[in-house]
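One structure is given here, and the rest of the page talks about it.
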Ligand code: SF4
């Protein structure tokens, strides 16, 4: 099975924490859509298995009109094999979806929305420079839940100045809708963002790690008590509503990324990424050239990535898989490196699978780093 990701690199305005590839000037929109369509056709032979998921991400793909979405989806169906019932997701900003648009999107075969709510506090939304307010989110959740069975809500915790009580109230408001899926990310300070400048110049005070962890631990506890599975560090799904697109990525299945800055992986050792520049992307495709760079992953790269991702998911890290994929040296290394972490109750064996206990989940990345292979090629 494979997945297709399509990156639409335009936004209404720049959120202060965001370092994704996007532009706020829409003047190249038409040329960029033509380039996306050309890339879709030029790369069709790269995908050897049917698509189990299609994902419109960005940027803000909910700035695509219904007719633009229809053309792109039509092209995907002409040139790619798409499984019956494949998941087809559109990222939606709460200020973009009026009811006619939502119905139109649904009628085009988009069967899942990922809604960028982020917070229910206008104070936070202003600080983040989001284009929507809390009332937009309440309206969109009400409308989406009438049309779509499957949708996800994106939230951000650890906001500067936020309290645990405010975070609890945000979760109350989301859970009133019982969305089938919730993604919640800690606010991170990325280089070259307004937030980064504010932190560097002491204009803003971040929460300390302990306060952020409290919000995360509360999130896990609360959502699990409401019947959600924390199947990946930041992702929570009701049974049958895990995100297919992201799950395939975490399981190491192949995906193709179309659009500027999009990444692709062949499911074995080849990874590639498109240029993160709209003008260069358009110019290359006008000349029928693919604007991408490639790398070949070494077994060590793949082992480290498997550890990093596996420990963040409910599927864990399988010693048997490591032995067959990478050989006995890697399996032995894993066992030896895990010993100290097991003694400190940061890891445990569940048969052949190595997992992180719930109470240490917040520390997943640091625990995984202790198991990385640093020296073998
Ligand atoms: S809408 Fe999304 S992609 Fe665009 S600037 Fe905001 S966070 Fe970044």
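The values are calculated or read from the model by the stated rules, or taken from the named source; none is laboratory data. Everything numeric in this text was worked out from a predicted model, so none of it was measured. We place every Cβ from the backbone using ideal geometry, glycine too, and count neighbours over all the protein chains shown.
Things worth noting here:
- Under the condition of being more than 14 Å from the ligand (Cβ to nearest atom), in contact with a helix residue (DSSP H, G or I) (Cβ under 8 Å, 6 or more places away or on another chain) and on the phi > 0 side of the Ramachandran plot, the residues counted in the range 125-181 number 2.
- Total residues in the range 351-368, condition surrounded by fewer than 16 Cβ atoms within 10 Å (Cβ to Cβ) and more than 25 Å from residue 218 (Cβ to Cβ): 2
- Strands (runs of 3 or more DSSP E) wholly inside the range 185-268 containing at least 1 residues that are outside the structural domain of residue 111 (by TED's automatic domain parsing) and surrounded by fewer than 19 Cβ atoms within 10 Å (Cβ to Cβ): 263-265
- In the set (1) in contact (Cβ under 8 Å) with a residue 12 or more places away in the chain; (2) more than 16 Å from the ligand (Cβ to nearest atom), residue 90 fails one condition alone, (2).
- Every condition in (1) within 24 Å of residue 263 (Cβ to Cβ); (2) more than 24 Å from the chain's Cα centre (by Cα) holds for residue 307 except the one numbered (2).
- Qualifying residue in the range 289-297 (condition: at pLDDT 95 or above, surrounded by fewer than 17 Cβ atoms within 10 Å (Cβ to Cβ) and in a helix (DSSP H, G or I)): no
A quick yes/no check of all residues on (1) within 10 Å of the ligand (Cβ to nearest atom); (2) surrounded by fewer than 22 Cβ atoms within 10 Å (Cβ to Cβ):
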| position | (1), (2) |
| --- | --- |
| 8 | yes, no |
| 20 | yes, yes |
| 43 | no, yes |
| 47 | no, yes |
| 63 | yes, yes |
| 66 | no, yes |
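- Residue within the range 328-338 that is closer than 29 Å to residue 228 by Cα and in the same structural domain as residue 361 (by TED's automatic domain parsing) present: yes
- In summary, residue 276 fulfils each of the numbered conditions (1) surrounded by 15 or more Cβ atoms within 10 Å (Cβ to Cβ); (2) closer than 22 Å to residue 51 by Cα with the single exception of condition (2).
- As a summary of the residue check, residue 123 satisfies the conditions (1) free of Cβ contacts under 8 Å to residues at least 24 places away in the same chain; (2) over 21 Å from the mean Cα position of the chain (by Cα); (3) within 28 Å of residue 215 (Cα to Cα) except for the one numbered (1).
- Scope the range 26-72; condition more than 19 Å from residue 285 (Cα to Cα), in contact with a strand residue (DSSP E or B) (Cβ under 8 Å, 6 or more places away or on another chain) and either free of Cβ contacts under 8 Å to residues at least 24 places away in the same chain or in a helix (DSSP H, G or I) (or both); matching residues: 61, 62, 63, 69
- Residue within the range 234-248 that is at positive phi and at pLDDT below 95 present: no
- Where residue 193 falls short, out of the listed (1) over 24 Å from residue 97 (Cβ atoms); (2) in contact with a helix residue (DSSP H, G or I) (Cβ under 8 Å, 6 or more places away or on another chain); (3) within 16 Å of the ligand (Cβ to nearest atom): (2)
- Pick from the range 314-346, criterion in contact with a strand residue (DSSP E or B) (Cβ under 7 Å, 6 or more places away or on another chain) and under 21 Å from residue 219 (Cα atoms), ranking: surrounded by the most Cβ atoms within 10 Å (Cβ to Cβ): 316
- Test result for residue 214, at pLDDT 95 or above and under 22 Å from the mean Cα position of the chain (by Cα): no
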